[in-house]
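Structure record follows, encoded as structure tokens.
The values are calculated or read from the model by the stated rules, or taken from the named source; none is laboratory data. Computed from a predicted structure; not experimentally measured. Using ideal geometry, Cβ is built from the backbone for each residue, glycine included, and neighbour counts are taken over all protein chains shown. What goes into the accessible areas is simple: the full protein's heavy atoms, side chains included, and nothing from ligands, DNA or RNA. Shrake-Rupley method; radii C 1.70, N 1.55, O 1.52, S 1.80 Å.
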Amino acid sequence: MTQVKAFFNAGQYYLAMITPPPFDADLLRRYDRPGPRYTSYPTAPQFSGQFSETNLLEVIKRSNEDPIPRPLSIYVHVPFCASPCFYCGCNRIITRDEKRGEKYLEDLRKEVAMVAPLFESDREVMQLHFGGGTPNFLSPTQLGEFMRFLLQHFHFSHSENRDISIEIDPRCVKPDDIAALAAMGFNRASLGVQDFDPDVQEAVNRIQSVEETLAVIKACRDSGFKSVNVDLIYGLPKQTLTGFGKTLDTVIEARPDRIAVYSYAHMPQLFKPQRQLDETQLPSAETKLSLLQLAIEKLSQAGYCYIGMDHFALPEDELAIAQERGDLHRNFMGYTTHADSDLIGLGVSSISHIGESFSQNPRDLPSWEATVESGHLPIWRGMNLSEDDVIRADLIQRWMCQGEIDIAKFEERHDIYFNEYFGEDLKKLQSLAEDGLVTLSPTHLKATSRGRLLLRIIAACFDAYLKPSATVLQFSKTI
Ligand code: SF4
């Protein structure tokens, strides 16, 4: 059922059509296969150990020489967490030792001091994101000092479109801390919730009350944050329709601007913490699908727009507006409105995307520390994109954000004949078209409403690296 909603944003009235993606359990069951989430193309498993510090220096130099150099985005990874959630698939270190945070910040400052001077000083930072782990493992004082250091070394934009965001674990933050974060310039927050059901929380070792979570959301609002996101997960042990329904109702009532509803991927062979879960408590495939259906129904009824890949946003949120305008983007931080910036990843395991290259820092803390302390850029692996990679990355990016490709514009941008260039890939689309997920006309390749929940499956038809022999690592939720 489509709802039409009027709202006012940036001096203009907008009309938003809120059309939930139709839920077809048979279809979703048939296409329930692992696959990349395309926060990048090519995906991280394609990066090579051959990519060196020299390669990175070259791409940064080239990016500075662009006639109009791109703005910058910065991602800072904070790997520490105070206690282990058993569903976790992130690169994190469990500790309560605050001194480890101090030592980490010391090395981060060394990395910043090496990286920042490589970029022309007039290149503006439009986006900064702290992810983890648990960024608020660091105290407000530590975060404040590090923010000041970043501000001294990079040229931050003063535009009101500048985003400074942080992932917050509500279990270890006080409302006063939020005011301190706002004073440092943070204006977006993302809160991990997953499920408020006490049985689920006990099964996944993450006890987090409704009250402390709502208090953090309120504190963000009171402190003037532009946007609050809440993360939920479906498919966790002991989850039921009743319990998850209550969680959804509670979250909807708090009215965060964005809500992500992730599917839990149980891969204990890859993620050690998951071995602590009792597999017999996992919901059946049927229940898992019903949990997703419940989330889509409740969020759509509450007026949230489906953005794509597990993400929902209020129609007046910038993500929904950018999608409507056709300039939504996707990078390692997920969906974003910051088009075409160069991404600098700082800290252990973080990924940079500069010009037409990707590079990743070492995933283990000792290697990252040792390289930074030896005065070298900490590169573990990376790649320079080929011409074909660039063309496919553009297609997959547009597809994941808009669910639609304007063929004439795409041909013009890349100087190709679409049907000829993607002849083999379009053959792979045939069965998806027969299932009513996608249509190909002479002018447009378009996801149908049935196909909107399966964008990544359709995108995979254009992934030149996906071979039948692809390893399971290529399908990991975290890459
Ligand atoms: S889910 Fe988040 S808070 Fe929990 S252990 Fe993993 S990174 Fe840390």
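For this structure, a couple of remarks:
- Taking all protein chains as they are arranged and a probe of 1.4 Å, the heavy atoms of residue 78 leave approximately 0 Å² accessible to solvent.
- Summed side-chain charge close to residue 238 - residues other than residue 238 whose Cβ falls under 15 Å, Lys, Arg +1, Asp, Glu -1: -3
- Normalised per residue, the accessible area of segment 37-346 is 40 Å², obtained with a 1.4 Å probe and no contribution from ligands, DNA or RNA.
- With all protein chains in place and a 1.4 Å probe, the accessible surface of the chain carries 51 percent carbon and sulfur.
- Most to least packed among 362-372, 307-317, 178-188 [average Cβ atoms within 10 Å]: 307-317, 178-188, 362-372
- Heavy-atom accessible area, probed at 1.4 angstrom with all protein chains present, ranks 446, 409, 99 as 99, 409, 446, highest first.
- Residue separation of residue 263 and residue 286 scaled by 0.36 nm, minus their Cα-Cα distance, works out to 6.9 nm of gained length.
- Label-point gap, in nm, between residue 241 and residue 439 - each point 7 angstrom along Cα→Cβ: 3.3 nm
- Sorted peptide list for 112-121, 200-209, criterion being average Cβ within 10 angstrom, highest first: 200-209, 112-121
- Too-long pairs where the Cα-Cα distance tops 32 Å, listed order kept, from 238/298; 288/428; 246/428; 218/446: 246/428; 218/446
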